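S.K.: Quick one: the structure is below, questions incoming.
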Amino acid sequence: MVYLALLISIALVLHYLENFFPPLAPGAKLGLANIVTMITLHLFGFWEAMVVVVVRSILGPMLGGSPTAILYSMAGGVLSCIVMAILYFKFSKYFSLLGISVAGAVFHNIGQLLTASLLYGTIGILFTYLPILMLSSVITGNFIGLAVKYLIRFLSRKKLLFNFS
């Protein structure tokens, strides 16, 4: 539980820090907190990663956002975590960490756009904004995947990272 609390804290700090970076497109963020989600998947497994995502999705917007941001964050985060877990645990011989991260970024944006469609009562937002967000997903997903790849490699070499699963 202490490790998960630390991971949630790190995710919240990263979530906050990414507000200081300019967006690639309106509403498109780097997704730095996703680094913690992927490392939690690696260390502990799906349910623990889901706990990190859900708590971060509630606390992040509460500490510096709006109540509706919780809905967007939760929808994107949960869908992203599910997809990344499936790819990581079932298809890791076909997908690298970069590929898993890109898929997570893509499905995070899809989850958020589906939520916006439901809230605004129109599916048109999917067709107009989806191409822009998919392009940013590829860019940010690769960046996050590289960060996770090198963090896991570095921490494993330093004996700071143990496999808890």
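Every number in this text was worked out from the coordinates using simple rules, so none of it is lab data. These figures come from a predicted structure and were not determined experimentally. As a convention, Cβ positions derive from the backbone with ideal geometry for all residues, glycine included, and neighbour counts pool all protein chains shown.
S.K.: Where does helix 46-64 land angle-wise versus the long Cα axis of the chain, in degrees 0 to 90, nearest 10?
M.R.: The helix 46-64 is inclined about 50 degrees to the chain.
S.K.: Using a 10 angstrom Cβ neighbour count of at most 14 plus a DSSP loop assignment to flag exposed trypsin sites (Lys or Arg not before Pro), which longest range of the chain is free of such sites?
M.R.: 1-92
S.K.: Next question, about the same structure. Compute the helix-to-body angle for 33-43: its Cα long axis versus the longest principal axis of the chain, expressed 0 to 90° and rounded to tens.
M.R.: 40 degrees
S.K.: At Leu6 and Phe154, where each label point lies 7 Å from the Cα along Cα→Cβ, what is the point-to-point distance in nanometres?
M.R.: 1.6 nm
S.K.: Where does each of His108, His15 land when they are ranked from fewest to most other beta-carbon atoms within 10 angstrom?
M.R.: Values: His108 30, His15 24.
Fewest-to-most Cβ neighbours within 10 Å comes out as His15, His108.
S.K.: Right, next: Taking only Cα atoms, what is the 0 to 90° angle, nearest 10, from helix 97-120's long axis to the longest principal axis of the chain?
M.R.: 30 degrees
S.K.: Find the eigenvalues of the gyration tensor of the Cα atoms of the chain, then list the square roots of 5 times those eigenvalues as equivalent ellipsoid semi-axes, largest first, in whole angstrom.
M.R.: 25, 18, 14
S.K.: Divide by every residue of the chain the summed helix terms, -39500 (n - 2.57) for each DSSP H run of at least 4, and state the resulting mean residue ellipticity at 222 nm, rounded to the nearest 500 deg cm²/dmol.
M.R.: That comes out to -27000 deg cm²/dmol.
S.K.: Here is a follow-up. Using only alpha carbon pairs under 8 Å that are at least six residues apart, calculate the relative contact order of the chain and give it in whole percent.
M.R.: Contact order relative to length: 24 percent.
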